[in-house]
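The block underneath contains the structure these notes are about, expressed in structure tokens.
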Amino acid sequence: MLGGGRRIPGGGEGVAAVAELAGHLPGLPAESVARETLRFSAWGRCAEVAAPVLSGDQLTALAAHVRRSRERFLAGLRTQEIVDILDRAVRTLLDRSDPRRRRAEELLPAVTGYDPETVRLGLTACLKTFRGAQLSAFVAEDFANPQMLDGFQPLRKGGYGRAFGPALIAHVWAGNVPGLPLWSLVSGLLVKSANIGKLPSAEPLMAGWFAGAVADIEPRLADCIGIVWWKGGDEVRQQALLDQAGLVLAYGGNATLERIRARVPVATRFLPFGHKLGFGMIAAAALDADKAAGVARRAALDIVRYDQHGCYSPHVFYVERGGAASPRVFASYLGGELAALSHRFPRRALDAEEAAGLAAARQEAEIRSAVSDSVEIAGDAEGAWRVVFADDDPGLAPAGANRTVKVAALDRLDDALPEIARHAPWLQTVGVAAAPEELFRLSALLGEAGASRVCALGEMTAPEAGWHHDGRFNLLDLVRIVEIERGAEAAAEDFAAYCD
Amino acid sequence: MPGRDVSGTALSDQVLDFIGRDSSTESAFDAMALALFAHQFENNESFRRFCLKKGRSPRVVTSWREIPPVPISAFKTLTLSCVAPESAERVFMTSGTTGGARGRCYHPTLAVYDRSTIANFRERFMRGRDRIRMGILFPTEEEMPNSSLAHYLALAAGHFGAPDSEYLLNQKGLENDLLFRALDEAAATGEPYALLGATYSFVHAFDEMERAGKRYRLPPGSRVLDTGGFKGRSRDVATGEFYGRMETLLGVAPSECINMYGMTELSTQFYDDGNDRADAPKSGPHWIRTRIVNPLSGADVPDGEQGILVHCDLANYNSAVAIMTEDVGIACGGGFVLLGRAGDEEAQGCSVAVAEFLEAARG
């Protein structure tokens, strides 16, 4: 079996390069680390990844090492100094001539299955959000006074407060979208915590490269990062990590998160990030004769980027009747854009089981369209994309992703709200095309229904730096505030040498 | 079409006659398949609309390979029958494990299903023997009247079971005492014994045997038939382990363990010839043919590539002669090897997948 990789029906047997070492294991002698080879192939390329398999003792030693490194170095840095180091590391990865960046562009298409162009653009878009100015935005978003991370600052209620990150944060990452682990890893570093992250088998490289880039700039900071791997479901190793951490961040499906939650010691904070279901809303005002095509193009980009595998990716577009372009016309524009984009950004290669799953997911609409005139299907012969047009069907559900989208025609966008609210736990991103007043009116209703991010179409897959992921705080959720009460300060006055 | 008799009764007689032959040529298979297609197109409104959406009609379809296959999920939402559903002698239903709704397959009479099943079972499981004492690890037909598997096993026991054959499981579950006694007796007689049932029933029986510390050496010539497979487990590991337990706990060599692959939506089954090898190929009789297609385009995959299975079953004279499964396979020696099924794949990213969404919706 290919380890998390994609078996492509009929995919060419390329020549495997030297296995790329995954992970980042400061303090552990390289020769002492056992490795398991994960093999991937797509786009006529093969990749072999040598993933580290640590013993329980090695995990404990790694945790001790990053914790100690944090005490010696990271805990004493000012936040701005961390921002500066990360900025320099990110800039090396933004440089397309950088050896790690070149390896990323070479290997990630085979590993994730996404086409090379999507990987290249996606990496750049993701890394850009972690440059210095953007990292400062992260900090400023959560702390009105960012110096709270560096020292005690006066509080409005009186007294002083300072934010401390936990000594060690454990991250359990998931999914194959390159760069997703960076969000939580960078957040952990900004609050001056040591971090150990468990790589997803579907993309076991990016986090390690990032740690390597940090090591080139400031090895003492990289010494506070451990990047490990184990096969999904290895509860023994997972437990060894969970027991060490002061805070656990985990990504994945509900079943995975429930299993992890049950294993996290009761006094350890647990921040779960579950799977989500994005959608779009297009008001009649956005469907002017000269605007509809552009709206469709941006919607198509949101669908094509990572083939709807992101938590922010759209699966349904609600389109209001009454614009110059009808919802049906919009659906045909969207199909045209998807067809055009499939040449520049071909869909991720699917193995036979994935293709069978996608076909099964698409069949429900196909069967409905056979017996009902209110459902129409457009797609290409090869199944590279599929637009299902449905009259007055506000149903919100995934339909197989991989460029499968429903366009639902409604008299008013509000007609979808009861259905949307029914799925509150799955909500996050909504791409909206509407006039300003309507944008604010809808946003209030969407927020009430459970959504946490309203963005422009074309930007669904690229959240802004400092965004509130799932409506939460990136940094604030990680720290505890230590307060010096006003009374303590007053009492201390009595003990000063210069006290009268 | 001029001269072609499309009445259901006459057609079912033709199918019975076809099953009774020794073999079939491609052209004879085509002729029968096209007659069934024309009959279903003519007499089933939902099926006709489905075909027309696909641009297919008896006018343009010239080979069984071109008959539009109906996805098995359609059996949940459409009524795929050429007779009024209430007039059917029997309705088989799927277990309805995903999505709630159950697929329905209507049989105006069971004559064709039974002939297909019996002839094929004799050939592939009995292998020249007339009768064998059977233990059935599945509820009876009376307990599960809508289960095609219950009917299949009732046919097997009724036509090929020796007088002492019995059911070892009821709707409440496995009857341990009954099972252990039956196996003790079978081992003592020295006469070949056959154990038949759902794969998961065997797994359950094995667990019970291990718990009770029971091991048997069934007499030479004994055999096993399981069907249904493993859900949510890696096939590679699971099948080897499974047939290994057959050998250690029952004393039946994997080469004598036959796996049957069938579906509620079909009227004919596929068998392998023993599981002493991983990925034993499955094949069917001359009245069923299989294509392996790209599930997204519906086109045949090139030889040697994986795809999903599309079966053209002439015994499906009333429902849909061609069906599209969700099973992934690869062509092999006149048959195919099953590799997995849709839904076994994991979510790729952090977008909720269909299965997880449905799971949550069911609560």
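Among the residues of region A:142-160, the one identified as in a strand (DSSP E or B) and crowded, with 17+ Cβ neighbours inside 10 Å is A:Tyr160.
Only one of the listed residues (A:Gly294, A:Gly253, A:Gly246) is assigned by TED's automatic domain parsing to the domain that holds A:Gly179, among the small types (Gly, Ala, Ser) and at pLDDT 95 or above. That residue is A:Gly246. Of the residues making up region A:102-113, those that are more than 19 Å from the chain's Cα centre (by Cα) and in contact (Cβ under 8 Å) with a residue 60 or more places away in the chain are A:Arg103, A:Glu106, A:Leu107, A:Ala110.
B:Glu143 falls short of the stated requirement of being surrounded by fewer than 20 Cβ atoms within 10 Å (Cβ to Cβ), closer than 18 Å to B:Gly20 by Cα and among the charged types (D, E, K, R). Of everything listed in (1) open to solvent by less than 10 Å² (accessible area, probe 1.4 Å); (2) under 29 Å from A:Ala378 (Cβ atoms); (3) within 12 Å of chain A (Cβ to nearest Cβ), the single unmet condition for B:Gly329 is (2). Of all residues in region A:18-31, those satisfying the criterion of being among the small types (Gly, Ala, Ser) and at pLDDT below 95 are A:Ala19, A:Ala30.
To keep it simple, each residue is scored yes or no on (1) within 14 Å of chain B (Cβ to nearest Cβ); (2) open to solvent by 50 Å² or more (accessible area, probe 1.4 Å); (3) modelled with pLDDT under 95.
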position: A:Ala421; (1), (2), (3): no, no, no
position: A:Leu427; (1), (2), (3): yes, no, no
position: A:Ala451; (1), (2), (3): no, no, no
position: A:Glu459; (1), (2), (3): no, yes, no
position: A:Asn474; (1), (2), (3): no, no, yes
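Return the residue satisfying two criteria in turn: it lies in region B:269-311 and is among the basic types (Lys, Arg) and crowded, with 17+ Cβ neighbours inside 10 Å, and of such residues it is farthest from the other protein chains (Cβ to nearest Cβ). That would be B:Arg289. Within region A:278-290, can one find any residue that is open to solvent by less than 60 Å² (accessible area, probe 1.4 Å), within 14 Å of another protein chain (Cβ to nearest Cβ) and touching a Ser or Thr at 6+ places or on another chain (Cβ under 7 Å)? Among the residues of region A:278-290, at least one is open to solvent by less than 60 Å² (accessible area, probe 1.4 Å), within 14 Å of another protein chain (Cβ to nearest Cβ) and touching a Ser or Thr at 6+ places or on another chain (Cβ under 7 Å), which makes the answer yes. Tally the residues that are modelled with pLDDT of 95 or more and in a helix (DSSP H, G or I), restricting the search to region B:151-179. Qualifying residue count, region B:151-179: 10. Go through region A:269-288 and report how many residues are within 16 Å of A:Gly471 (Cα to Cα) and of a type in the set (D, E, K, R). The total comes to 1.
Looking only at residues in region A:361-405 that are facing another protein chain (nearest Cβ under 9 Å), assigned to a helix (DSSP H, G or I) and touching a residue at least 24 places away in the same chain (Cβ under 8 Å), the one that is most open to solvent (accessible area, probe 1.4 Å) is A:Glu364.
The values are calculated or read from the model by the stated rules, or taken from the named source; none is laboratory data. Just so you know, these numbers come straight off a predicted model, no measurement behind them. As a convention, Cβ positions derive from the backbone with ideal geometry for all residues, glycine included, and neighbour counts pool all protein chains shown. Calculation scope for accessible area: heavy atoms of the full protein, side chains included, ligands and nucleic acids excluded. Shrake-Rupley method; radii C 1.70, N 1.55, O 1.52, S 1.80 Å.
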